[in-house]
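Structure first, commentary second.
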């Protein structure tokens, strides 16, 4: 990995962080409780942008998307999240039609356990994002995440992604320089909202957002998920079509 | 891409081994938080197999787990000697005839040169009670809430959910990790009672079979000032074993940082054509 690329990434990341800082500074009180099992009620294979419209792809992004679409169709590219059940990556994992469990433990961490592909996300609370030099040797499917509460909202920044995942099930692309910012909060006693901002200037000409809403379902127990087996009934999730 | 990936794996492996030797000082945290054993006092604490062998160990007395055939000693990795594959001791009186016969065939395959199945290597859930010996490398992480204990080994990752202070369902549908209910006892012990385990798993790494009548009670006791989890268990299965039996293991506390991502099923194919059991794969997408 050459140093110029590292500096370019760092510069881009700093600009993104400045954006985050502008919305921080709210009062800190007792840690809000967002824990519990949540389950979406709808699923979209194609990511839905806040405000509607199409993905703001750059020319490079458009070429990568077209390559993914063609490759997924002719089999030269494998959707490994569905074939081998490796992690979906961000933001695709947020579209999961399966329940997931938010655990606010151990102290200093929010742990998100997904039934789908038994993937685990770790949000290190009130810690700085590791440096680019620390992140680059350990790219993760779901990235490395740090978070803090701003009032009732859990703000999660993620970076250090690998390039093996898609933005959504249609094969929308991202680079390993993607950074994401999630604002996760209860919008009612039984509903959780996650608004994610995607920052990936090589493939997207501007930052863009998607919004996901989940229902609190503490009556549901997460099941074991093994690739290729029949899994739980998803008929309560609109938009799921099983082949 | 490939050299970088390989380098990352090597770095990760080396740092794992380095970390494995760095036991946590006893004074760092108390053994328990309030009236319950605290298996996760901080984000970096996890628990590694105290023995360098992923076997269930015999109890102090009475009927015990399957061990290796003395004629074919099992030598695990990292012992400084040529490792071997497991050949089970079929003289153990716990086995019902059909289970012994199934294991005799499996032993014969190993002695004929076949690489035997081990859940951790082929990315399959190991089930219960095997979970406590799932991995020699990756350590176990606890996530404790008042209603639930989640235990995760990042090697699969494999996830167990234990529901506290509730009864079992009347007739749970068999699943890979079964239905686990639990309770704390004596301020230092988590007791886990598990039923409803699919017969697709083995009890251990000796390929000991069981039926869906399997019933496992595990006791995870925090001892030695919070440095060790002493595991004892009773295993009963009137469909596979002639009698209930017991086993032990120990986990030692290690400080390896928060749980990290290392999906088992990444590029895990049969590179050397050993006719391995395929890893879990979906012929068509789930949704």
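No lab work stands behind these numbers, since they all come straight from the coordinates. None of these values were measured; they are calculated from a predicted model. As a convention, Cβ positions derive from the backbone with ideal geometry for all residues, glycine included, and neighbour counts pool all protein chains shown.
Using a Debye calculation, one point per C-alpha and no hydration shell, please list log10 I(q)/I(0) for segment A:26-161 at q = 0.13, 0.18, 0.20 Å⁻¹ in order.
The Debye formula, applied to the Cα set alone, gives -0.72, -1.27, -1.41.
Kirkwood Rh, the protein assembly as shown, all Cα pairs: how many Å?
Kirkwood radius, the protein assembly as shown: 24.5 Å.
Taking the beta-carbon count within 10 Å as an exposure proxy, list A:153, A:58, A:180 from fewest neighbours to most.
So the ranking, lowest neighbour count to highest, is A:58, A:153, A:180.
Can you compute the modelled spin-label distance between residue B:199 and residue B:275, with each label point 7 Å from Cα toward Cβ, in nm?
For residue B:199 paired with residue B:275, the spin-label model returns 2.5 nm.
When the helix-only estimate is applied to chain A (DSSP H runs of n ≥ 4, each -39,500 (n - 2.57), divided by the residue count), what is the mean residue ellipticity at 222 nm, nearest 500 deg cm²/dmol?
-5500 deg cm²/dmol
Round to a whole angstrom and tell me the spacing of the C-alpha centers of segment B:188-245 and segment A:144-186.
Segment B:188-245 and segment A:144-186 have Cα centres spaced 39 Å from each other.
Have a look at A:128, A:173, A:107 and tell me which one the Gaussian network model of chain A (Cα, springs below 10 Å) gives the largest fluctuation.
A:107
Quick check: from the Cα gyration tensor, does segment B:154-198 come out rounded (a/c under 1.5), prolate or oblate?
Judged from the Cα gyration tensor, segment B:154-198 comes out oblate (a/c at least 1.5, b/c at or above a/b).
What ranking do B:235, A:113 get, fewest neighbouring Cβ atoms within 10 angstrom at the top?
A:113, B:235
Pairs of Cα atoms under 8 Å, at least six residues apart: use those to get the relative contact order of segment B:160-279, whole percent.
15 percent
How would B:158, B:109 line up from fewest to most surrounding beta-carbon atoms within 10 angstrom?
In order of increasing Cβ crowding within 10 Å: B:109, B:158.
From the Cα gyration tensor of chain A, with a ≥ b ≥ c the square roots of its eigenvalues, which class applies: rounded if a/c is under 1.5, or else prolate if a/b is larger than b/c, or else oblate?
Since a/c reaches 1.5 but b/c is at least a/b, the shape of chain A is classed as oblate.
Could you work out the relative contact order of chain B, using alpha carbon pairs under 8 angstrom and six or more residues apart, expressed as a whole percent?
Contact order relative to length: 25 percent.
Just report the Cα centroid separation between segment A:81-102 and segment B:126-155, whole Å.
Result: 21 Å between the Cα centres.
Over the Cα atoms, compute the radius of gyration (one decimal) and Dmax (the largest Cα-Cα distance, rounded to a whole number) for chain B, in Å.
Over chain B's Cα set, Rg and Dmax evaluate to 19.1, 55 Å.
Rounded, prolate or oblate: which one fits segment B:108-262, using the alpha carbon gyration tensor with axes a ≥ b ≥ c (rounded when a/c is under 1.5, else prolate when a/b beats b/c, else oblate)?
Oblate, because a/c is 1.5 or more while a/b does not exceed b/c.
From Cα pairs below 8 angstrom and at least 6 apart in sequence, can you work out the relative contact order of segment A:88-243, rounded to a whole percent?
In percent, rounded to a whole number, it is 19.
How much mean residue ellipticity at 222 nm does chain B get from its helices, if each DSSP H run of length 4 or more adds -39500 (n - 2.57) and you divide by all residues, to the nearest 500 deg cm²/dmol?
One gets -4000 deg cm²/dmol as the mean residue ellipticity at 222 nm.
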